[in-house]
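None of the figures in this text is laboratory data; all of them are computed from the coordinates on show. As the structure is a computational prediction, the values presented were derived from the model and not from experiment. Note that we place each Cβ from the backbone using ideal geometry, even for glycine, and neighbour counts take in every protein chain shown.
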Amino acid sequence: MPFSYLIFLKGARQVTNEAFISLRRELHQIPELGFKEQQTQARLLAQIEQLDQSFLEVATWRTGILVKVNGSSPEKTIGYRTDMDALPIQEETSLPFASKMPGNMHACGHDLHMSIAMGVLTYFATHQPIQNLVFIFQPAEEGPGGAKPMLESEVFQAFRPDEIYALHIAPEYQVGEIAIKPGLLFANTSELFIQFKGKGGHAAYPHLANDMVVAASSFVTQLQTIVSRNIDPMDNALITIGKIQGGSAQNAIAGEALLEGTIRTADPETMKLIWKRLKQMARGFAEAYDCSIEFLPGSSYYQVANWEKETAEFIRFLETKFPGSYVPAKAAMTGEDFGYFLAEIKGAMCWLGVDSEYGLHHAKLDPDEAAIPFAIDVFTAFLASR
């Protein structure tokens, strides 16, 4: 008998599944950027208020939510985290429940993440667990980064778990598959914004100006040598400049230019080395091109490194309770601020298969909603087993 029938009594599985799929569709229509998730928070709080409150303690932090389910005989507290925010992407899915907020889209699956978390929470609100559980609805995962300040907050410390788990949808895996590995799963990441300021002028008089398009272009070429010449070839790292902005007319020399990109590494010490070399290089370029070069603030995420023991126990659980669901994962250069939680609290993150033709952060991402009830089943059973 599937585990679902043990959870949702009186044959209500289909109705329950529809409820959380419906919640996902509601959330999908109101995508909000980091620390602006007011409507999302209100919708989730309204759902939580409908639950039996006998075992629950509810708190908010900025636009996030924490819900503690007090256990019957707790020896520890187990955390389950979901993210809440969306991306500044114009949706192109043509779904009947497409985003109603122009320019914003849940293109990374956080709408599914929240619905799954609410499904698991709903079960434990009426089936008191033995251990304490804490459900963490975290804002601003996509930026500017909500995990680290939430982790440091007094509210979180009052509910702080002894171990913590999370999932992220993966379009490349099938529904019913969960991919995970011990150790490094996601990379250290850092946003890169570099502002060049010189002196603009007429294209006919280059000697009277100071061309920042030339300076920035040369900098892009040179910074690629950091990985090829300063990083151990056995280490993994990359620097990508995804956007160059400078100038206003074809016959004018640009006095300013902006580079936007990302740094990704498999080791936090490598990230420090890259930043050291970038700043050294910037000082040299500022002198050589007689300009100022400034690094503007951006988000930085710590690596997601799964704890060995907890990951092994989760894999054994999958193989026993959900045979065929476990898929060995490979480390990826993607970033996730859940790494800040795992840096201090033992636990793990996994990939959840959603079988979508389009990948994460794509305007046409369309995850298979059958992954929602499957994930609810898996994590309800797993948390109950802890």
Item to check | Whole-number D in µm² s⁻¹ for region 188-300, Kirkwood Cα-pair radius fed into Stokes-Einstein, 37 °C, 0.692 mPa s | outcome: 224
Item to check | the chain: angle of helix 13-28 to the longest principal axis, Cα-based, in degrees nearest 10 | outcome: 20
Checklist entry - Nearest 20 debye, what's the magnitude of the dipole of the chain about its Cα centre given +1 on Lys and Arg Cβ and -1 on Asp and Glu Cβ? => result 400
Checklist entry - What stretch of the chain, leaving out the sites themselves, is the longest with no chymotrypsin sites (Phe, Trp or Tyr not before Pro) in a DSSP loop having at most 16 other Cβ atoms within 10 Å? => result 98-357
Item to check | Size descriptor, Kirkwood hydrodynamic radius, that averages inverse alpha-carbon separations across region 189-244, Å | outcome: 13.5
Checklist outcome for this item: In the neighbourhood of Tyr173 defined by beta carbon distances under 12 Å, the net charge of the other residues (Lys, Arg +1; Asp, Glu -1) is -3
Item to check | Approximate spin-label separation Thr126-His361, in nm, with each point projected 7 Å along Cα-to-Cβ | outcome: 4.1
Item to check | Cα centroid of region 324-386 to Cα centroid of region 24-48, whole Å | outcome: 20
Next on the checklist: Positive end of the dipole of the chain, charges at C-beta (+1 Lys, Arg; -1 Asp, Glu), about the Cα centre: which of Phe341, Ser73, Tyr358 has its Cα farthest in that direction?
Outcome noted: Phe341
Item to check | Net charge of Cβ neighbours under 13 Å - reference Leu66; Lys, Arg +1; Asp, Glu -1 | outcome: +2
Item to check | Net charge over other residues, Cβ less than 14 angstrom from the Cβ of Ser218 (K, R count +1; D, E count -1) | outcome: -3
Checklist outcome for this item: Under 29 Å between C-alpha atoms, the lysine pairs in region 214-370 lying 8 or more places apart or on different chains count 16
Checklist entry - Considering the values (1) 34, 26, 20; (2) 43, 22, 19; (3) 48, 22, 17, which represents semi-axes √(5λ) of the Cα gyration tensor in Å as calculated for the structure under consideration? => result (2)
Checklist entry - Quick one: of the DSSP bridges fully inside the chain, what percent are antiparallel, nearest 5? => result 70
Checklist entry - For region 240-338, what does the equivalent ellipsoid look like in terms of its semi-axes, each the square root of 5 times an eigenvalue of the Cα gyration tensor, given largest first in whole Å? => result 44, 17, 9
Checklist entry - By how many degrees, 0 to 90 and rounded to 10, does the Cα axis of helix 371-385 deviate from the longest principal axis of the chain? => result 70
Item to check | Straight-distance crosslink candidates among aspartates and glutamates, where the alpha carbon sits under 18 Å from Lys76 and sequence neighbours closer than 8 are dropped | outcome: Glu57, Asp162, Glu163, Glu310, Glu313, Glu344
Item to check | Cβ-derived FRET efficiency at R0 51 Å, Leu296 paired with Glu49, nearest 0.05 | outcome: 0.80
Checklist outcome for this item: per DSSP, antiparallel bridges as share of beta bridges in region 58-206, % nearest 5, sits at 50
Checklist outcome for this item: Rounded to the nearest 10 degrees, the helix 268-288 long axis (Cα) sits at an angle to the longest Cα principal axis of the chain of 20
Next on the checklist: Helix-only estimate, please: 222 nm mean residue ellipticity of the chain, summing -39500 (n - 2.57) across DSSP H runs of length 4 or more and dividing by its residues, to the nearest 500.
Outcome noted: -11000 deg cm²/dmol
